[in-house]
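Asks: The structure's right below; bear with me while I get my questions together.
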Amino acid sequence: MEGSVGYDNDLNLRATELRLGLPGTEPVSIVRSNKRSLQQVADDDCGVNGCKSDDQNETAPPPPKAQIVGWPPIRSYRKNNIQTKKNESEGGGIYVKVSMDGAPYLRKIDLKIYSGYPELLQAIENMLKFTIGEYSEREGYKGSDYAPTYEDKDGDWMLVGDVPWEMFITSCKRLRIMKGSEARGLGCGV
Amino acid sequence: MQKKMAYSFPDEVLEQVFSFIQSDKDRNAVSLVCKSWDEIERWCRRKVFIGNCYAVSPRMVIRRFPEVRSIKLKGKPHFADFNLVPDGWGGYVLPWIAEMAGAYPWLEEIRLKRMVVTDESLELIAKSFKNFKVLVLFSCEGFSTDGLAAIAASCKNLRELDLRESEVDDLSGHWLAHFPETCTSLVSLNISCLRSDEVSFSALERLVGRCPNLRSLRLNRAVTLDKIANILRRAPQLVDFGTGYYAAELQPDVFSNLAGAFSSCKELKSLSGFWDVVPAYLPALYSICPRLTSLNLSYATIQSPDLIKLVSHCPRLQRLLVLDYVEDSGLEELASSCKDLQELRVFPSDPFGAEPNVSLTEQGLVAVSLGCPKLRSVLYFCRRMSNAALVTIAQNRPNLTRFRLCIIEPKTPDYLTLEPLDVGFGAIVEHCKDLRRLSLSGLLTDHVFEYIGTYGKKLEMLSVAFAGDSDLGLHHVLSGCESLRKLEIRDCPFGDKALLANAAKLETMRSLWMSSCAVSFGACKLLGQKMPKLNVEVIDETEPPDSRPESCPVDKLYIYRSVAGPRFDMPPFVWTMDEAVRILH
């Protein structure tokens with residue numbers, strides 16, 4: 001398409017250039033919007049284009065790479081799939097964090113070593129020194145102030161025991177032992 | 001004398017002739033011949049494809065084509081796939097369904113891509129179209145299994161229900177039971193995207209068993225390996241099958257049952273699914289491998305040796321989707337075994353890891369380009385590339401029509417010379433004269449765009465990220481690529497000059513997306529003012545663009561041609577640059 005403005009090989013833009021800075025200042029060599037999603041990308045640019053890096057960066061070790069929004073260009077469902085797999089394949093065990101409301105620090109357990117819910121819950125009870133109630137599909141855990149819950153790969157908080165064991169260990173990202181009224185709310189027909 | 005005969009040609013005859021013309025382009029050409037042809041043609045057009053649902057209004061479509069039976073609509077821009085388009089942006093199908101419910105009572109087919117579909121829309125479809133046959137929801141969202149239940153229950157002649165890659169609120173597997181016992185018409189059922197681990201398996205089995213014309217069945221993860229044999233035995237006529245979980249403890253009787261079930265499917269040509277694969281179960285597929293033309297293993301975390309073994313049994317393979325676990329060695333095997341290969345997609349198993357976790361490099365792609373003479377379409381994620389490799393690929397495979405390369409780290413140079421990859425991609429566009437789609441990555445200067453503008457004459461879609469030095473790059477593309485329909489750009493230093501100079505070009509394209517570039521708000525307003533046939537939309541989730549100086553760059557910009565004028569369903573973070581609407585605000 002022929003535009004109304006002719007261009008030679010070299011667009012002589014200097015004269016009419018729109019600049020981001022105040023008149024009289026040097027134009028920035030990297031143009032980016034105010035809401036650039038990633039600081040790190042700009043820092044990498046500095047390596048290629050040779051602009052000055054922050055004083056701070058010269059002494060500190062390189063910060064870990066933050067993720068760029070939408071890069072690499074992979075659909076979310078693929079990313080989720082990979083995440084689940086990573087959790088499973090790390091060291092052959094399925095290590096998940098266990099937190100308990102009121103406890104000062106978290107524990108970690110390997111779900112692979114248990115063959116089912118009774119064993120798992122027994123182990124958690126022993127580890128954290130408390131008792132979980134009786135499980136029923138309708139009413140969740142009765143007879144205790146605690147309810148074992150887990151975050152699944154969709155990010156939802158679920159009651160431990162509702163799904164088949166195999167499905168549980170592949171979808172569980174971490175465990176949380178809920179206490180008190182929050183715990184009583186779960187499984188009571190909610 | 002002869003002129004008179006042409007004018008008295010009966011309409012019915014012309015209609016009959018036109019009915020043999022199926023392609024949209026040809027139909028459009030027919031309608032331009034003369035007024036009477038336009039009139040006849042529009043009354044007998046049965047299929048309409050609308051590449052951008054905001055380019056035209058439902059009413060306009062209905063007015064021009066009163067007897068449509070099949071409609072295909074696309075909504076959100078492609079970069080929505082990578083979370084660059086905020087939720088609530090638009091692409092709602094309900095207004096279309098609502099209008100068509102009244103105007104097209106005999107509508108049979110609805111195909112949607114990247115649109116927001118609600119249960120209300122699905123219920124309206126179920127209620128309004130008595131002869132409804134085909135529903136394809138490709139990468140759609142906004143609906144639940146309740147909506148699907150309505151479709152299942154009401155559509156007595158349903159042939160296709162395909163939910164590929166959609167996000168569905170999976171409330172329960174019981175929706176399948178809503179297919180009445182009298183429903184025997186299913187030809188294609190794709191529920192692979194349903195994420196819940198429940199499915200009403202007995203309902204599924206019965207449904208499959210009573211549909212003798214079922215050709216394509218794609219299950220979801222809820223269906224365990226032991227159930228596959230039962231399903232396959234009920235549908236030995238399947239041509240395309242998607243497994244659920246393909247993992248279980250190895251048990252000889254389960255294995256032989258499965259192998260037997262697969263071997264009874266004499267027509268089976270295409271396989272997919274394979275979440276969680278236990279390699280020991282792969283040999284159950286060997287009996288059908290010689291017939292396989294399409295294999296999607298892109299969820300299967302199986303290692304190269306197992307992949308090599310499987311692929312070497314599939315000499316007729318035309319299409320392979322796989323994770324980079326295949327490695328260069330696996331691709332070399334592919335190149336020697338699969339001479340019919342037309343399409344290859346290699347996805348990254350660890351896209352966010354800093355270091356490569358597998359031995360997959362540019363060598364694998366070079367090997368396939370050399371060994372597979374029919375290779376046309378490539379999507380390849382890798383961590384290093386060289387100009388030499390790209391030149392070799394281009395020279396080996398001038399018949400490429402789609403080339404999408406994603407080097408995972410932005411701005412990665414040629415790993416051998418540390419130069420930009422301009423020359424390599426330049427060779428691709430120069431040699432592959434029929435190239436229609438191209439995605440760039442790696443370190444690229446304005447030069448690559450010069451090549452693209454010079455040689456990419458058939459290029460219809462171009463995706464650019466972290467590339468270029470100046471407006472010259474964008475100018476080359478907009479002024480040189482004659483067939484360009486879709487251009488999507490992110491994180492490039494392209495600003496106002498090239499855009500404004502090539503404003504007229506934008507009316508010949510479907511759409512332009514630019515995010516994290518350097519286009520100023522002032523330029524957007526100017527474009528909106530000067531080009532009434534374009535919708536210029538600025539997306540900014542943090543603050544209105546006019547709360548900053550005009551010279552400030554906008555965050556995201558989406559420009560598309562439209563005869564419907566600015567849209568009125570924009571969320572608060574989308575601003576139209578249409579002068580009239582803007583001033584009213």
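Asks: Once the cut-off is 35 Å, how many percent of the Cα-Cα pairs in chain B end up in the long-distance tail?
Replies: 47
Asks: If the reach is capped at under 13 angstrom between alpha carbons, list the aspartates and glutamates near B:K127, excluding any in the same chain fewer than eight residues apart.
Replies: The reachable aspartates and glutamates, counting only those whose Cα sits under 13 Å from B:K127, are B:E108, B:D119.
Asks: Moving to a separate point now. Can you classify segment B:58-170 as rounded, prolate or oblate using the Cα gyration tensor, where a ≥ b ≥ c are the square roots of its eigenvalues, rounded means a/c under 1.5, and otherwise it's prolate if a/b beats b/c and oblate if not?
Replies: oblate
Asks: With the contact rule set at Cα under 8 Å and sequence spacing of 6 or more, what percent relative contact order holds for chain B?
Replies: Relative CO of chain B lands at 6 percent.
Asks: Starting at the first residue of segment B:54-68, write each ³J(HN,Hα) from the Karplus equation 6.51 cos²θ - 1.76 cosθ + 1.60 with θ = phi - 60°, in whole Hz, x for Gly and Pro.
Replies: Once θ is set to phi - 60°, the couplings for segment B:54-68 become 9, 6, 8, 9, x, 4, 5, 5, 5, 5, 7, 10, x, 10, 6 Hz.
Asks: Same structure, new question: Per the Kirkwood treatment, what hydrodynamic radius in Å, one decimal, follows for the protein assembly as shown from the mean inverse distance over all distinct Cα pairs?
Replies: Across the protein assembly as shown, the inverse of the average 1/r is 29.1 Å.
Asks: Go through B:232-245, B:25-38, B:75-88 and give me the packing order, highest mean Cβ count within 10 Å leading.
Replies: B:232-245, B:75-88, B:25-38
Asks: Aspartates and glutamates within cross-link reach of B:K533: Cα-Cα under 17 Å, excluding same-chain residues under 8 positions apart?
Replies: Within the straight-line cut-off, B:K533 pairs with B:E507, B:D578, B:E579.
Asks: Subtract the Cα-Cα distance of B:L250 and B:R206 from 0.36 nm times their separation in residues, and report this length gain in nm to one decimal. List each step's numbers first, then the result.
Replies: Working: separation 44, 0.36 × 44 = 15.84 nm, distance 2.73 nm.
Taking 0.36 nm per residue and subtracting the Cα distance, the gain is 13.1 nm.
Asks: Here's something else I'd like to know. Going by a ≥ b ≥ c, the root eigenvalues of the Cα gyration tensor, does segment A:95-182 fall in the rounded group (a/c under 1.5), the prolate group (a/b larger than b/c) or the oblate group?
Replies: rounded
Asks: Return the average number of partner chain Cβ atoms within 10 angstrom of each residue Cβ along peptide B:239-249. Please report the intermediate quantities before stating the final value.
Replies: Numbers: counts 0, 0, 0, 0, 0, 0, 3, 0, 2, 1, 1.
Mean inter-chain Cβ contacts per residue within 10 Å come to 1.
Asks: In nm, to one decimal, how far is the B:N83 label point from the B:S19 one, both placed 7 Å along Cα→Cβ?
Replies: 5.1
Asks: Determine the sum of side-chain charges near B:R234: Lys and Arg each +1, Asp and Glu each -1, restricted to other residues whose C-beta is under 14 angstrom from that of B:R234.
Replies: Overall, the nearby charge balance is +4.
Asks: Here's something else I'd like to know. So what does log10 I(q)/I(0) come out to for segment B:217-282 at q = 0.14, 0.21, 0.25, 0.29 Å⁻¹, using the Debye formula with one equal point on every Cα and no solvent?
Replies: At q = 0.14, 0.21, 0.25, 0.29 Å⁻¹ the computed log10 ratios are -0.34, -0.80, -1.15, -1.48.
Asks: Each residue of segment B:121-136 in order: what ³J(HN,Hα) in whole Hz does its phi give by Karplus 6.51 cos²θ - 1.76 cosθ + 1.60, θ = phi - 60°, with x for Gly and Pro?
Replies: Using θ = phi - 60°, the values come out as 4, 5, 5, 5, 4, 4, 7, 8, 10, 5, 10, 5, 10, 10, 10, 10 Hz.
Asks: Okay, moving on. Report the net charge of residues surrounding B:G88, where surrounding means a beta-carbon distance below 12 angstrom and charges are Lys +1, Arg +1, Asp -1, Glu -1.
Replies: -3
Asks: What size of dipole, in debye to the nearest 20, comes out for the protein assembly as shown about its Cα centre when the only charges are +1 on Lys and Arg C-beta atoms and -1 on Asp and Glu C-beta atoms? The partial results should precede the final answer.
Replies: On the way: 94 positive and 100 negative charges, 537 e Å.
Result for the protein assembly as shown is approximately 2580 debye, rounded to the nearest 20.
Asks: Which whole number gives the average, over all residues in A:75-82, of C-beta atoms from other chains lying within 10 Å of the residue C-beta?
Replies: Per residue, the number of nearby Cβ atoms from other chains is 6 on average.
Asks: Let me ask another. Tell me the net charge near B:R45. Cut-off is 11 Å between Cβ atoms, B:R45 excluded, with +1 for each Lys or Arg and -1 for each Asp or Glu.
Replies: So the environment of B:R45 carries a net charge of +1.
Asks: To the nearest whole number, what is the average tally of beta carbon atoms from other chains within 10 Å of the beta carbons of peptide B:488-498?
Replies: That works out to 4 on average.
Asks: Now for a different question. Could you tell me how far the Cα centroid of segment B:348-374 sits from the Cα centroid of segment B:94-108, in Å?
Replies: So the separation of the two Cα centres works out to 46 Å.
Asks: Ok, one more. Short version: ³J(HN,Hα) in whole Hz for each residue of segment B:492-500, in order, from phi by Karplus 6.51 cos²θ - 1.76 cosθ + 1.60 (θ = phi - 60°), x for Gly and Pro, what are they?
Replies: Once θ is set to phi - 60°, the couplings for segment B:492-500 become 10, x, 9, x, 7, 4, 5, 5, 5 Hz.
Asks: Give me the distance in nm between label points sitting 7 Å out from Cα along the Cα-to-Cβ direction at B:A98 and B:V563, one decimal.
Replies: 2.3
No lab work stands behind these numbers, since they all come straight from the coordinates. Note that this is a predicted model, so its numbers are computed, not measured. No Cβ is skipped: glycine too gets one built from the backbone with ideal geometry, and neighbour counts run over all protein chains shown.
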